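Shown next, in structure tokens, is the structure this report addresses.
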Amino acid sequence: MQLLDDCWARVERGEPQLAVVWGRRRTGKTFLLSHFVRGRRAVFFGATAEAERVELRRLREAVERDLGPEAADLAGGGFASWEAALRFFAALARQEPLAVVLDEVPYLAASTPGLPSIVQVVWDHLAPGTRLLLVLTGSAVGMIERMLGAGGALFGRPTLRIRLDPLDLVSARAFLPDLDPAAYVEAYAACGGYPLHLRAWDQGSSTAQNLERLAATPGGLLLEDAAGILAEELPTQGGYARVLAAIGRGRTRLSDIAAEAQQRVEGPVEVLVRTGFVRRSLPVAAPRRARPLYEIGDAYLGFWFSVLYPELQQIAAGLGPQVLERRRQQWQRHLGWVFEEGARAHAVRLVHRGHLPQGLVVGRWWTSSGTPCEVDVLGLQGGRTALLGEARWQGDPLGIRDLTALMAKVPRVPEPLPNLLYALWGRGGVDGRARAAGVLGFGVQDVIEP
């Protein structure tokens, strides 16, 4: 809102502004912009993937709705083209500030090939002092980024670019403030950082009740939404769902993903990484030739593919509660992954606050040479290991046995410093004996608070 308000202030000074707001479905783009234009002279137009003439007719209707019949009469019977429509808005903005929001521009580009170039031409020839804020939005992330990238029609034109991604674990807490910390992590693990999902979660019901209603019942929001999010970016051909399902089942190396999906996966994986559905992970301070692991970097989609996707037909048949019971182990594994992610983010915040050594580079670390070894939270200082941490989603407090297991990994990590710090994150916290032994201990509350 502050960025948009600043844009509007520049428009009021006679500086035309072109803003692009993009991100996946359900991240709040339309909500944000609807809130922003409230009380301002503005036209808000939501595209619907219809033919160009239909969209242009609907645009005139939006002008009449938002600016009144007198403004609509200036457009005559309607707009002959998108270029004519944009020039009309520029004319309306010569004397008085005007915001025009074109929501879901990729839909318009599908019915009007060359629309980004039309925007470019009109924008490049705006009269000096035009008080216009043109906002373009889109959920097709790849298409928008191609428009903005080198060689794209809008390259270098926007004065404001905002990408809205799903909220992180800490920020999303604002939507579910009444849940106890562990129940909140469970809600986030199912909903991800999508505001619409979080608002649908009932804080007065248990996790099991919410999962049954939203994820294990035909028509449930969490059950149905993933397909729409994926369809914005991915073609139906190419086996993308099989690749994501393999990763959701814990296959993280290319060879394992290919064996599980029973297809070549190099191309599809590259597309999934580029669109942000899959994350290519390397151990912190990895050597140049280290082999990456691949994981679904979105909590909601990770939940959907690991817990729901293999049993969609069973849920459709009304057997959702049985599916949730049968997939309990996968659900707990997914919760563990979300908690690990939260622990690493918490360690980074501790560095910024000065509670851990300044300059500490925090990440995940593993090696497959010799006996495999993995560290959930490893901190490097000057290329040497200064922090060793473990995160476990278990109800009992972590203790001396967990600290001992963590210390056993010291010989395997990169050049450990003599004054190594140890940290444990547990759903049930850390017991007094482990704390007395010098370990830094944290619970769920620490992981979710700013």
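Within the stretch 102-113, the only residue that satisfies the criterion of being in contact with a strand residue (DSSP E or B) (Cβ under 9 Å, 6 or more places away or on another chain), more than 16 Å from Leu154 (Cβ to Cβ) and not charged (D, E, K, R) is Tyr107.
Cβ-Cβ contacts under 9 Å between residues 6 or more apart (or on different chains), taken from a first residue in the stretch 280-294 that is free of Cβ contacts under 8 Å to residues at least 40 places away in the same chain to a second residue that is crowded, with 19+ Cβ neighbours inside 10 Å and of a type in the set (Val, Ile, Thr), are listed as Arg280/Val269.
Scanning the stretch 38-71 for residues that are farther than 19 Å from Leu133 by Cα and part of a helix (DSSP H, G or I) turns up Glu52, Arg53, Val54, Glu55, Leu56, Arg57, Arg58, Glu61, Pro69, Glu70.
None of Ala85, Ala47 is under 28 Å from the mean Cα position of the chain (by Cα), within 21 Å of Val121 (Cβ to Cβ) and touching a residue at least 12 places away in the same chain (Cβ under 8 Å) except Ala47.
Within the stretch 433-442, identify whether any single residue is at positive phi, surrounded by fewer than 20 Cβ atoms within 10 Å (Cβ to Cβ) and in contact (Cβ under 8 Å) with a residue 12 or more places away in the chain, and answer yes or no. Scanning the stretch 433-442 turns up at least one residue that is at positive phi, surrounded by fewer than 20 Cβ atoms within 10 Å (Cβ to Cβ) and in contact (Cβ under 8 Å) with a residue 12 or more places away in the chain. Scanning the stretch 233-247 turns up at least one residue that is charged (D, E, K, R) and closer than 30 Å to Ser368 by Cβ. Of all residues in the stretch 158-180, those that are surrounded by fewer than 18 Cβ atoms within 10 Å (Cβ to Cβ) and not aliphatic (A, V, I, L, M) total 9. Per the conditions (1) more than 28 Å from Gly142 (Cα to Cα); (2) in contact with a Lys or Arg (Cβ under 7 Å, 6 or more places away or on another chain); (3) not polar (S, T, N, Q), the sole criterion not satisfied by Ile315 is (2).
Conditions tested, residue by residue: (1) at positive phi; (2) touching a residue at least 24 places away in the same chain (Cβ under 8 Å); (3) in the same structural domain as Val185 (by TED's automatic domain parsing); (4) in contact with a helix residue (DSSP H, G or I) (Cβ under 9 Å, 6 or more places away or on another chain).
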{"residue": "His352", "(1), (2), (3), (4)": "no, no, no, no"}
{"residue": "Gln358", "(1), (2), (3), (4)": "no, no, no, yes"}
{"residue": "Val377", "(1), (2), (3), (4)": "no, yes, no, yes"}
{"residue": "Ala391", "(1), (2), (3), (4)": "no, yes, no, yes"}
{"residue": "Gly395", "(1), (2), (3), (4)": "no, yes, no, yes"}
{"residue": "Gly399", "(1), (2), (3), (4)": "no, yes, no, yes"}
{"residue": "Ala405", "(1), (2), (3), (4)": "no, no, no, no"}
{"residue": "Ala423", "(1), (2), (3), (4)": "no, yes, no, yes"}
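Based on what the data block shows, is Arg25 free of Cβ contacts under 8 Å to residues at least 60 places away in the same chain and of a type in the set (Lys, Arg)? No. One residue stands out in the stretch 242-275 among those that are touching a residue at least 24 places away in the same chain (Cβ under 8 Å), of a type outside the set (A, V, I, L, M, F, W, C) and not in a loop (DSSP other than H, G, I, E, B): the one that is surrounded by the most Cβ atoms within 10 Å (Cβ to Cβ), namely Gly248. Under the condition of being more than 17 Å from Ala190 (Cα to Cα), touching a helix residue (DSSP H, G or I) at 6+ places or on another chain (Cβ under 6 Å) and at pLDDT below 95, the residues counted in the stretch 248-259 number 1.
For every residue, the table says whether it meets (1) more than 21 Å from Arg274 (Cα to Cα); (2) assigned by TED's automatic domain parsing to the domain that holds Ala42; (3) modelled with pLDDT under 95; (4) crowded, with 21+ Cβ neighbours inside 10 Å.
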{"position": "Val54", "(1), (2), (3), (4)": "yes, yes, no, no"}
{"position": "Ser81", "(1), (2), (3), (4)": "yes, yes, no, no"}
{"position": "Ala93", "(1), (2), (3), (4)": "yes, yes, no, yes"}
{"position": "Glu96", "(1), (2), (3), (4)": "yes, yes, no, no"}
{"position": "Val100", "(1), (2), (3), (4)": "yes, yes, no, yes"}
{"position": "Ser111", "(1), (2), (3), (4)": "yes, yes, yes, no"}
{"position": "Ser139", "(1), (2), (3), (4)": "no, yes, yes, yes"}
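Residues that are in a helix (DSSP H, G or I) and under 19 Å from the mean Cα position of the chain (by Cα) were ranked within the stretch 1-34; the one that is farthest from Pro158 (Cα to Cα) is Phe31. The condition of being crowded, with 23+ Cβ neighbours inside 10 Å and out of contact with any Cys (no Cβ under 8 Å at 6 or more places or on another chain) holds for only one of Tyr107, Tyr188, that being Tyr188. Restricting to the stretch 372-385, what's the tally of residues that are farther than 30 Å from Tyr184 by Cα and surrounded by fewer than 22 Cβ atoms within 10 Å (Cβ to Cβ)? Matching residues across the stretch 372-385 total 7.
The values are calculated or read from the model by the stated rules, or taken from the named source; none is laboratory data. None of these values were measured; they are calculated from a predicted model. So basically every Cβ, Gly included, is an ideal-geometry build from the backbone, and we count neighbours across all protein chains shown.
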